[in-house]
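What follows is one structure encoded as structure tokens, with my remarks underneath.
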Amino acid sequence: MVKRRRSRELKNNQVIDIEAARRERRERRKLAAAEKAEKEKERRRELSKRQVIKSKRRRIVYCLIFIVIGLIIGASAYNVIKLKMEEAEAQAKLDRLLEEKQALEDELALVDSEEYIEQQAREHLRMIMPGEILYVIKDKEEDENETEN
């Protein structure tokens, strides 16, 4: 289009002011460059808005992932601690039962002895050997209990 106009002007033998044409061309280029720069700024703003939204989404996703990983690690640590506590309780119970077993075995060994049988017969059944005399002494507490009843 520009060439056609020039060629028409040349055909019409009109005199062209070169300086004016240069100024006009420079102004058009400046306007075009300004429009292009404005469009680029607008595009960058839009891109920056998109990037901001994208960045926020990424941050949220990373935070959620971090929280989930933290919860998983925390739950695992809690379970490990709980199991160790249960193990300690079971070990304490085992020790207590072993002590009780040993005490019962010791008592069983005593039960078979004649001294133990004699002692139990004297204390609980108030039995005496032939030729012995049984003396019963009442305690103050027993006297009080009998008077109350």
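The values are calculated or read from the model by the stated rules, or taken from the named source; none is laboratory data. Everything numeric in this text was worked out from a predicted model, so none of it was measured. So basically every Cβ, Gly included, is an ideal-geometry build from the backbone, and we count neighbours across all protein chains shown.
Being closer than 30 Å to Y116 by Cβ and either loosely packed, with under 10 Cβ neighbours inside 10 Å or modelled with pLDDT under 95 (or both): is that true of D95 here? When the stated conditions are applied, D95 does not pass them. On the stretch given as the stretch 119-149, residues that are surrounded by 10 or more Cβ atoms within 10 Å (Cβ to Cβ), modelled with pLDDT of 75 or more and in a helix (DSSP H, G or I) total 4.
Within the set A20, A37, the sole residue that is part of a helix (DSSP H, G or I), loosely packed, with under 10 Cβ neighbours inside 10 Å and hydrophobic (A, V, I, L, M, F, W, C) turns out to be A20.
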